[in-house]
1. Given the criteria among the polar types (S, T, N, Q) and either within 15 Å of residue 122 (Cα to Cα) or in contact with a helix residue (DSSP H, G or I) (Cβ under 6 Å, 6 or more places away or on another chain) (or both), does residue 69 qualify?
2. Please work out which residue is farthest from residue 97 (Cα to Cα), limiting yourself to the stretch 1-59 and to residues that are aliphatic (A, V, I, L, M) and assigned to a helix (DSSP H, G or I).
3. Any residue at all in the stretch 68-76 that's at pLDDT below 95 and within 16 Å of the chain's Cα centre (by Cα)?
4. Please verify whether the stretch 127-141 includes one or more residues that are touching a strand residue (DSSP E or B) at 6+ places or on another chain (Cβ under 6 Å) and farther than 24 Å from residue 10 by Cα.
5. Do we have residue 48 as touching a residue at least 40 places away in the same chain (Cβ under 8 Å), of a type in the set (Gly, Ala, Ser) and over 30 Å from residue 93 (Cβ atoms) here?
6. Looking only at the stretch 60-71, which residues are part of a strand (DSSP E or B) and hydroxyl-bearing (Ser, Thr, Tyr)?
7. Could you pull out the residue among 137, 34 that is surrounded by fewer than 16 Cβ atoms within 10 Å (Cβ to Cβ) and out of contact with any Lys or Arg (no Cβ under 6 Å at 6 or more places or on another chain)?
8. Right, residue 75: exposed (fewer than 12 other Cβ atoms within 10 Å of the Cβ) and within 23 Å of residue 107 (Cα to Cα) or not?
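The values are calculated or read from the model by the stated rules, or taken from the named source; none is laboratory data. No experiment lies behind these values; they were computed from the predicted model shown. For neighbour counting, all protein chains shown are included, and Cβ atoms are generated from backbone atoms with ideal geometry for every residue, glycine included.
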Amino acid sequence: MRITFSEGHLSKVVMIRVLPGSDIIKGIEDVCKRLDVKTGAITCCIGSLQKASLLIAVPLENKIGAGYSNPMDFDGPLEFLAGQGTIGQEEEGDLFIHMHGVLSDKGGNVHGGHLIKGKNPVLATCEIMISHVEDVRMIRTYDPEIEMKVLAPSENEP
């Protein structure tokens, strides 16, 4: 079995409401910075969006045979049905939010993928629960096996 892991504990839960016009990921980042959350999980996220921009996995001619699409843009109003993700840091220490979401458009069609920071403004409300993880560091580093940066538990002590 090929895995990496680190054990920690949940220290607190943070509930957020992102207000109309504000971006979901920027809202999460703002709260994480204010509360010094460097590692965590976005365990629940629902609401509505004015518009959305997502990346999805697509076939590519590279080492792993896949990568990410160009941004897929959706005009609102949109129902944000579910979102979840991971909170970690870039190697330089900057916060990094890796978030996936599922939304439905005005025709009831369902779409999902990676949310693009700054491109998903809230329509009426977005309710989010973050679980803060202590004693674990999730660091986004380049993985040469798949030729891209990924979040993974740090092998160093937090």
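1. On the way: among the polar types (S, T, N, Q): yes; either within 15 Å of residue 122 (Cα to Cα) or in contact with a helix residue (DSSP H, G or I) (Cβ under 6 Å, 6 or more places away or on another chain) (or both): no.
Against the criterion (among the polar types (S, T, N, Q) and either within 15 Å of residue 122 (Cα to Cα) or in contact with a helix residue (DSSP H, G or I) (Cβ under 6 Å, 6 or more places away or on another chain) (or both)), residue 69 does not qualify.
2. From the stretch 1-59, those aliphatic (A, V, I, L, M) are 1, 3, 10, 13-16, 18-19, 24-25, 28, 31, 35, 37, 41-42, 46, 49, 52, 54-58; that's our starting set.
Keeping just the survivors that are assigned to a helix (DSSP H, G or I) gives 24-25, 28, 31, 35.
Working: 24: 10, 25: 7, 28: 8, 31: 12, 35: 15 Å.
Taking the candidates together, the pick is 35.
3. yes
4. No, the stretch 127-141 contains no residue that is touching a strand residue (DSSP E or B) at 6+ places or on another chain (Cβ under 6 Å) and farther than 24 Å from residue 10 by Cα.
5. Working: touching a residue at least 40 places away in the same chain (Cβ under 8 Å): yes; of a type in the set (Gly, Ala, Ser): yes; over 30 Å from residue 93 (Cβ atoms): yes.
When the stated conditions are applied, residue 48 passes them.
6. First pass over the stretch 60-71, keeping only residues part of a strand (DSSP E or B): 66-68.
Within the stretch 60-71, just 68 meets the criteria.
7. Values: 137 fails: surrounded by fewer than 16 Cβ atoms within 10 Å (Cβ to Cβ).
After ruling out the rest, the residue left standing is 34.
8. Numbers: exposed (fewer than 12 other Cβ atoms within 10 Å of the Cβ): yes; within 23 Å of residue 107 (Cα to Cα): yes.
Spelling it out, residue 75 is indeed exposed (fewer than 12 other Cβ atoms within 10 Å of the Cβ) and within 23 Å of residue 107 (Cα to Cα).
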